[in-house]
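Undergrad: I'd like to ask you about the structure that follows.
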């Protein structure tokens with residue numbers, strides 16, 4: 001996980017105080033990327049990781065899409081902390097949104 005040091009560096013620059021990653025948990029739900037919940041000294045973050053050469057600029061484009069969705073102010077979208085490349089990896093670093101249990105009318109509201 002070469003991206004870990006770069007992510008710690010970005011988080012530290014973002015908050016202006018040293019931030020350390022204390023735990024990394026794999027998060028399922030995707031078939032293309034590796035996804036992780038990061039436990040840090042200031043809370044949780046979400047990071048997606050993939051091959052920089054195989055999928056160039058993928059996370060840059062995803063960040064743009066998230067920014068556009070956020071601008072509609074119609075749904076909750078994670079904050080974009082950073083995206084970039086380190087070594088052979090590209091990554092997208094986001095705020096972590098905790099999931100909640102589904103309500104009984106979830107699917108009717110969703111549709």
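Undergrad: Go through 86, 12, 72, 40 for me and flag whichever is in contact with a helix residue (DSSP H, G or I) (Cβ under 6 Å, 6 or more places away or on another chain) and at negative phi.
TA: Step by step, each of 86, 12, 72, 40 is checked, and only 86 is in contact with a helix residue (DSSP H, G or I) (Cβ under 6 Å, 6 or more places away or on another chain) and at negative phi.
Undergrad: Identify the residue in the stretch 29-53 that is out of contact with any strand residue (DSSP E or B) (no Cβ under 8 Å at 6 or more places or on another chain) and in contact (Cβ under 8 Å) with a residue 24 or more places away in the chain and, among all such residues, is farthest from residue 97 (Cα to Cα).
TA: 53
Undergrad: Among the listed residues 19, 24, which satisfies the condition of being outside any strand (DSSP E or B) and surrounded by 13 or more Cβ atoms within 10 Å (Cβ to Cβ)?
TA: The conditions single out 19.
Undergrad: Also, I was wondering about something else. Being more than 21 Å from residue 88 (Cβ to Cβ), at pLDDT 90 or above and in a loop (DSSP other than H, G, I, E, B) is the filter here; which residues of the stretch 28-59 pass it?
TA: Listed by number, the residues that qualify are 41, 42.
Undergrad: Would you check if residue 6 is closer than 26 Å to residue 110 by Cα and touching a residue at least 24 places away in the same chain (Cβ under 8 Å)?
TA: no
The values are calculated or read from the model by the stated rules, or taken from the named source; none is laboratory data. Source: prediction; values computed, not measured. Cβ sites come from the backbone with ideal geometry, for glycine too, and all protein chains shown count toward neighbours.
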